[in-house]
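Asker: Before anything else, here's the structure in question.
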Amino acid sequence: MSNLIYLASPYSDPSYDVRMLRYLAVTYIASELMLGGELIYSPITHGHSIATERRKVTSRRRIPTDWAYWKNHCIKILPTCEMVLVLALPGYGSSEGVDQELQLARHLGIPHKIFSPWWYIDQKAYYIGVIKPLERDD
């Protein structure tokens, strides 16, 4: 088995702002874990980036960002991982994707842990104005 860690988190939501905040949070956590020496695969970071960047260069055939589209991709990569970390962002307990990723991990005997993003996110950023309102791109 590899040292690859699968970083699961919720993403889908009717609100663009919620999707963006979830994407930014999991991408930040992935980068922190990578800086700590971990080998991380974050399906949200990967999928969101591919889907949204494609929209910037072509209007033809968009790539969906929902679980139905990315499910096959995720279930092929997850078995190559030695652990699944679930980022406990709001909504993780009702996320269809996270639920199915955890079911597959249990079925394959891959250990999983659920952890809070606040272990890594510096809350001072909110107080000193580092985090700004997001602009819509749709």
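Asker: Compute the signed sum of charges (Lys and Arg +1, Asp and Glu -1) over the other residues within less than 14 Å, Cβ to Cβ, of MET83. Don't skip to the answer; put the middle values down first.
Answerer: Working: positive: ARG106, LYS113; negative: GLU38, GLU82, GLU101.
Around MET83, the surrounding residues sum to -1.
Asker: Just subtract the alpha-carbon distance of ASN3 and MET34 from 0.36 nm times their residue separation and send over the number in nm, one decimal. Intermediate values should be presented prior to the final figure.
Answerer: Numbers: separation 31, 0.36 × 31 = 11.16 nm, distance 1.20 nm.
So the chain would gain 10.0 nm between ASN3 and MET34.
Asker: Taking amide hydrogens as modeled 1.01 Å from N in the peptide plane, which residues meet the under 5 Å criterion relative to ASP66, leaving out close sequence neighbours?
Answerer: Result for ASP66 returns nothing.
Asker: What does the charge count near ILE5 come to, summing +1 for each Lys or Arg and -1 for each Asp or Glu among other residues with Cβ under 15 Å from its Cβ? Mind dumping the intermediate values first?
Answerer: On the way: positive: LYS113; negative: GLU32, GLU38, GLU82, GLU101.
So the surrounding residues net to -3.
Asker: Shifting gears a bit: Percent relative contact order of the range 4-127, based on C-alpha pairs within less than 8 angstrom and at least six residues apart?
Answerer: Values: 158 pairs, mean separation 40.9, N = 124.
RCO, the range 4-127: 33 percent.
Just so you know, all these numbers are worked out from the coordinates, no wet-lab data involved. Note that the structure is a prediction, hence the values are computed from the model and not measured. A quick note on method: Cβ atoms are made from the backbone with ideal geometry, for glycine too, and the neighbour counts reach across all protein chains shown.
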